[in-house]
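*Asks:* So that we are looking at the same thing, I have put the structure below in C-alpha cells.
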Amino acid sequence: MSRKLNATIHDIARHAGVGVGTVSRVLNGSPNVSEATRDHVLEVIAKHGYRPKSAAQILRTSQTNVIGFITDEIATTPFAGNVIRGAQDAAWEHNKLLFLVNTNRNPDLLTAAIEVMLDRQVEGLIYAAMFHQPVTLPENIYQLPAVLVDCYSEDGRLPSVTPDEVQGGYDATTHLLAKGHRRIGLINLTEDIPAKVGRHAGYQQALSDHGIGYDATLVCERYGEADAGYDGTLALMQLPDPPTALFCFNDRMAMGAYNALRKVGKTIPTDIAVMGFDNQEVIAANLHPSLSTMELPHYKMGQWAVNYLMTHTNQPNLPPVQTKLHCPYIHRDSI
C-alpha cells in the first residue's frame with residue numbers, strides 16, 4: 001500500500017482495527033493499553049505516515065520544537081548572516097527549527113514579533129544585532145528564556161554572547177609585531193561603539209606588552225568604510241615617520257587602504273603590511289594580495305546561543321552569563 005502522508009486518526013484506527021480512543025491513548029502514552037496493541041498501532045502509524053496535530057503534541061509534551069530568532073538587520077546583510085547559519089545548524093542538532101523575524105530596527109515590530117513568539121509558544125528566543133552594541137529591549141522579552149547575540153543589555157538581565165574585541169585587537173597587533181613592525185598605524189572608527197573601544201584597547205595593550213610606547217599620531221579615526229580607510233591611510237603615510245604596518249578597523253577600511261597605498265606607490269606587504277578585521281570573505285579573500293584579518297565569530301555566536309538555551313531553559317535561577325568569544329586570526333598574504 002502506498003504511504004499516506006495525510007492520514008487521520010480515524011484512518012489509523014480503521015487500519016489497526018481498533019477504536020479512535022485506543023489510538024489516542026497510544027499517542028498520549030497511556031498505560032491502559034496492552035504492549036501488543038501499542039506496538040501494532042505504532043506500526044500502523046509508521047506505515048501510513050500519521051502525524052498528530054501540532055497543538056495536541058504541544059499539550060502532551062510542553063514542547064513546540066521551535067526557537068524564535070529575531071534580528072535587527074542581520075537577515076538583510078551579506079556578512080553577518082553566519083549568525084543565523086550557526087544558530088540553524090545548532091538548532092537542527094537539537095531537533096529544533098528556527099522561527100526567524102527581521103525587524104529592520106523597528107521597535108514596534110520588535111515588540112509585535114516577541115508577542116508572536118509568545119503566542120507560538122517557542123521554547124526560547126534569540127535576539128541578534130548586526131554589530132556589537134548595547135540594546136534596550138521591550139519588557140515582553142523577559143516572559144520567556146532569551147539570549148542576546150552580538151549585543152548586550154546594560155542592566156545585565158539577559159545572557160549574551162559577543163566577540164572579544166580586546167583580544168581581537170591585541171592579537172591583530174601582536175601578529176604585526178611578530179613580523180618585526182614597530183610603527184603600526186591604527187585606522188579606527190569615530191563612533192564609540194564596543195568594537196572601536198575594545199580593538200583600540202587591545203592595540204594599546206599589545207604595544208605595551210612588547211615594550212613599545214603608544215604614539216597617538218599613529219592612530220586616526222574616520223567615519224565611513226572604504227573611503228575612511230583610504231583617507232586615513234593617506235593621512236598616516238604623510239607623517240614624517242610613517243607606519244610600516246596598518247591595522248584597519250574592518251576589512252572594508254582595509255580595502256580603502258589598499259587603494260591609498262597604491263596611489264602613493266607602496267607595495268603590500270613588501271613596503272607595508274595591512275591587517276583587517278571581520279573576515280568578510282567576499283572582500284578579504286579577493287583583494288590582491290589577499291587580506292590577513294581577524295574573524296568575527298558570527299557562526300559560533302549563533303551556535304552558542306542555541307546551545308545555551310537548550311541547556312539552561314530549565315535552570316531559570318542561574319545568573320545570566322555575559323560570554324565573549326575568541327576572534328581567530330586568518331592568515332593570508334598582506335603581512
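The values are calculated or read from the model by the stated rules, or taken from the named source; none is laboratory data. The structure presented is a predicted model; accordingly, all values stated were derived computationally and were not measured. Every residue, glycine as well, gets a Cβ built from its backbone with ideal geometry; the counts of neighbours run over all protein chains shown. For accessibility, only protein heavy atoms count, side chains too; no ligands or nucleic acids. Shrake-Rupley method; radii C 1.70, N 1.55, O 1.52, S 1.80 Å.
*Asks:* Those residues that are within 15 Å of the chain's Cα centre (by Cα) and on the phi > 0 side of the Ramachandran plot, I need them from the range 97-154; list them, please.
*Replies:* 150
*Asks:* Provide a single number: the residues in the range 112-137 that are surrounded by fewer than 16 Cβ atoms within 10 Å (Cβ to Cβ) and over 19 Å from residue 161 (Cα atoms). I'd like the intermediate steps shown before the answer.
*Replies:* Here is the first cut: in the range 112-137, the residues surrounded by fewer than 16 Cβ atoms within 10 Å (Cβ to Cβ) are 112, 115-116, 118-121, 133-134, 136.
Next, from what is left, pick out any that are over 19 Å from residue 161 (Cα atoms): 112, 115-116, 118-121.
Counting residues in the range 112-137 that are surrounded by fewer than 16 Cβ atoms within 10 Å (Cβ to Cβ) and over 19 Å from residue 161 (Cα atoms) gives 7.
*Asks:* Among the candidates 183, 199, 222, single out the residue that is under 21 Å from residue 270 (Cβ atoms), surrounded by 14 or more Cβ atoms within 10 Å (Cβ to Cβ) and among the charged types (D, E, K, R).
*Replies:* Values: 199 fails: under 21 Å from residue 270 (Cβ atoms); 222 fails: under 21 Å from residue 270 (Cβ atoms).
183 is the lone residue from the list that is under 21 Å from residue 270 (Cβ atoms), surrounded by 14 or more Cβ atoms within 10 Å (Cβ to Cβ) and among the charged types (D, E, K, R).
*Asks:* Condition check: under 27 Å from the mean Cα position of the chain (by Cα) and in a helix (DSSP H, G or I). Does residue 198 satisfy that? Can you show your working first?
*Replies:* Values: under 27 Å from the mean Cα position of the chain (by Cα): yes; in a helix (DSSP H, G or I): yes.
Spelling it out, residue 198 is indeed under 27 Å from the mean Cα position of the chain (by Cα) and in a helix (DSSP H, G or I).
*Asks:* When you check residue 64 against the structure, is it modelled with pLDDT of 70 or more, on the phi < 0 side of the Ramachandran plot, assigned to a loop (DSSP other than H, G, I, E, B) and among the hydroxyl-bearing types (Ser, Thr, Tyr), yes or no?
*Replies:* Working: modelled with pLDDT of 70 or more: yes; on the phi < 0 side of the Ramachandran plot: yes; assigned to a loop (DSSP other than H, G, I, E, B): yes; among the hydroxyl-bearing types (Ser, Thr, Tyr): yes.
When the stated conditions are applied, residue 64 passes them.
*Asks:* Right, here's the next one. Given the criteria modelled with pLDDT of 95 or more, open to solvent by less than 30 Å² (accessible area, probe 1.4 Å) and assigned to a helix (DSSP H, G or I), does residue 235 qualify? Talk me through it step by step, then tell me what you get.
*Replies:* Numbers: modelled with pLDDT of 95 or more: yes; open to solvent by less than 30 Å² (accessible area, probe 1.4 Å): no; assigned to a helix (DSSP H, G or I): yes.
Judged against the criteria, residue 235 is not a match.
*Asks:* Among the residues of the range 261-275, are any of a type in the set (S, T, N, Q) and touching a strand residue (DSSP E or B) at 6+ places or on another chain (Cβ under 8 Å)?
*Replies:* First, pick out the residues of the range 261-275 that are of a type in the set (S, T, N, Q): 267, 270.
Still in the running and touching a strand residue (DSSP E or B) at 6+ places or on another chain (Cβ under 8 Å): none.
Checked against the condition, which is being of a type in the set (S, T, N, Q) and touching a strand residue (DSSP E or B) at 6+ places or on another chain (Cβ under 8 Å), the range 261-275 yields no hits at all.
*Asks:* Filter the range 140-153 down to residues that are open to solvent by 20 Å² or more (accessible area, probe 1.4 Å) and at pLDDT 90 or above, then give me how many there are.
*Replies:* Residues that pass the stated criteria total 2.
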